[in-house]
Every structure is written in C-alpha cells, then in structure tokens.
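Right, one structure below, let's go through it.
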Amino acid sequence: MATAQRLRLVFAGTPDFAVPGLHACMSADADVVAVYTQPDRPAGRGRKLAPSPVKQAALAAGIPVEQPESLKMPEAQARLHAYAPDLMVVIAYGLILPRKVLAIPRFGGWNVHASLLPRWRGAAPIQRAILAGDAETGVCLMQMEAGLDTGPVLLSESTPIRDDDTGGTLHDRLAGIGARVLRAGLQHVIAGASLTATPQSGTGATYAHKLDKAEARLDFTRPAIELERKVRAFDPWPVAEAILAGERVRVWSAQARDPGPGGRGPAAPGEIAGASKHGLDIACGAGVLRILKLQRAGGRVIDAADYVNARAELRQA
C-alpha cells in the first residue's frame, strides 16, 4: 500500500462517535478532500433540521461536505469518483456502501468498528456488549468488503468493560481508542508500510441489533444483574423504564444485590422489597435491584432517596 504522494482521504461518518476519527485523519500527514455524512435531520423540541456532529466538525475545518441520501445512484458515485480518493475511512456513517463505491478508492475502504470482531457485528455493539455481561470489548480497524462488518481486521485494541461503565462512558472511551487505532493505521500507510489483513474467525460471530425503545422496559421477572446491565447499557439512550408502585419512571442508575435480612421479607417480582435513604429495592426473578437514581415524568433526575421522601407510602417502618 505504498504511496509516493500525500494520501487523499474521503471520510464518511455521522454521529459524535465518528468525530475523533475525523480529527485523526485531519492530523495525519494526508489530505481529507471530502467528508460524507447523512443529510440534516430534525432535532430538538422545535424539530428543526440540524447538521450532524461530523458535518459541524468538517465545516469548522473548511472541508467540503457531501450529504447524499444514498450512494447507490450513479450520480453520487460519480461525485465520489471525482474526488479521486486513495482511501475511504468510514465510522458510523449509517448508509450502505455498495461494492462499486468500495472499488472507487485505490485502497478501498477502512471501517472503525466498536467491538472485537467477529463479536458484535452490526449497529449497537457498545450497548450489546454491556447487556451480555462481556468482560471486555474494543475497536477493530477493518478492511471493508460487501458483507456487514465481515472484512479482515487490520489493527485492533481491547479495553475492559468496568462494572460502572454505561453506554455513554464506554462510547466515549471507544471513540478515543478508535481514533488512536485509525491514526496508527494511517501512519503505516503514509510511511509506505503494509498492514496485515487478518480474516475474521469463522466462529464466535454475533450480531448487535439496533436499539429499540421497546427494550427499555425493565422486566422484574428477570435476574437483577440483567436489569442492572440494561440500566447501564441504555444510559444515555433510550434510558431504562420501570413501573414503581403504579408510576412510570426512567431509571438512570441501579445496582443488583442480594435481598439480605431487611426489607419486607419475600416479595414477588416487581414489588418493593425496601425503601430507604440508600435506595429503592425492587424484587426480581433472582436477587433485588436497588434503584439509585431515577426520573419522574417531566422532572429532573433525582436520587432514589428523594423519590422515597416524595412518596411517603413507600417508606418502610
């Protein structure tokens, strides 16, 4: 993959996760000739059209921005071809790249993916890793091919999933790792070195389905540890929900624990097993989920102790 001239890069990405990767491309000894991102979408209470985080970063850097609805049309492909890219770097772009598009850059396309492939291919690898109770995850720099996240891995870096990691904290850490791995890959290519493309293992592949708000409801017939993971994984979106003594709330922080000798004794799943300054204990199919922070409809996030104080009927004698 040696090159005698400066590398011409086209970057494709949309959300916050991709911005550190764009900055890595901009800081490399290469030319980012264009940035592709999804069309502006309605956002906020006013539902006004808003540019993606990647578009904002590109415009701030003076880089041309392209926002095609699809890359399947010949016109969009001709536009990309006109940039004469050596390499296309893709991070959470959100659009399918047809085989013809991947054939336009001299060196094809690279994808920064937030998992240790082949585990958690697909749209929501960060949250699915937390939900599954994985001990570690990471980032892979992958040579793109027609399949979904099936290409050979060029570089990777792992990180442990901590007991207090949320979807948000792990997202931010992996975004930084992804930028670091991408920068290392670009440095190899710019120096004229080659990267070893390691085919993914034929076993251990899992698919990370896109998150759905319908998944946010906590089912207290499930083990408490599963629900704790869901609370962490769904922070900051879509945020876990529960019905507590007849009231729907959003649950922002919770811990799985053994019932212990306190509380009201054996309780059916979903019933309150204890309410105190330490939190609100909800009986589960196995163990107890102690809710620590929650949010009432239209309210702010509060400590469970404040919620208990606001609902006197929940307090235990």
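The values are calculated or read from the model by the stated rules, or taken from the named source; none is laboratory data. What you see is a predicted model; the values in this text were computed from it and never measured. All Cβ positions, even for glycine, are placed from backbone atoms using ideal geometry, and neighbour counts span all protein chains on display.
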Failed item, numbered, when Ser156 is tested on (1) surrounded by 22 or more Cβ atoms within 10 Å (Cβ to Cβ); (2) in contact with a Cys (Cβ under 6 Å, 6 or more places away or on another chain): (1)
Residue tally, condition in a strand (DSSP E or B) and not β-branched (Val, Ile, Thr), over the stretch 276-317: 14
Filter result (of a type outside the set (Asp, Glu), within 16 Å of Ala208 (Cβ to Cβ) and in contact (Cβ under 8 Å) with a residue 24 or more places away in the chain) within the stretch 133-150: Gly133, Thr137, Gly138, Val139, Cys140, Met142, Leu148, Thr150
Residue, surrounded by the fewest Cβ atoms within 10 Å (Cβ to Cβ), within the stretch 118-153, restricted to residues that are charged (D, E, K, R) and part of a strand (DSSP E or B): Glu136
Criterion violated by Thr196 - all others in (1) touching a Pro at 6+ places or on another chain (Cβ under 7 Å); (2) closer than 16 Å to Gly151 by Cβ; (3) among the hydroxyl-bearing types (Ser, Thr, Tyr) satisfied: (1)
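Have a look at Arg229, Arg290 and point out the one that is touching a residue at least 40 places away in the same chain (Cβ under 8 Å), crowded, with 16+ Cβ neighbours inside 10 Å and within 29 Å of Ala135 (Cβ to Cβ). Spell out how you get there, then give the answer.
On the way: Arg290 fails: touching a residue at least 40 places away in the same chain (Cβ under 8 Å).
Just one listed residue meets the conditions, Arg229.
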Thr166, sole failed condition from (1) polar (S, T, N, Q); (2) farther than 21 Å from Leu97 by Cβ; (3) touching a Pro at 6+ places or on another chain (Cβ under 8 Å); (4) free of Cβ contacts under 8 Å to residues at least 60 places away in the same chain: (4)
Selected residue (criterion: farthest from the chain's Cα centre (by Cα)) from residues of the stretch 1-50 that are in a strand (DSSP E or B) and free of Cβ contacts under 8 Å to residues at least 24 places away in the same chain: Lys48
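Can you tell me which residue among Ala114, Ala57, Ala28, Ala92 is on the phi > 0 side of the Ramachandran plot and in contact with a helix residue (DSSP H, G or I) (Cβ under 6 Å, 6 or more places away or on another chain)?
Answer to the check: Ala92.
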Flag for Ser115 being more than 30 Å from Thr198 (Cβ to Cβ), outside any strand (DSSP E or B) and in the same structural domain as Gly202 (by TED's automatic domain parsing): no
Residue list for the stretch 194-222, restricted to those being among the acidic types (Asp, Glu), surrounded by 11 or more Cβ atoms within 10 Å (Cβ to Cβ) and either more than 18 Å from the chain's Cα centre (by Cα) or in a loop (DSSP other than H, G, I, E, B) (or both): Asp219
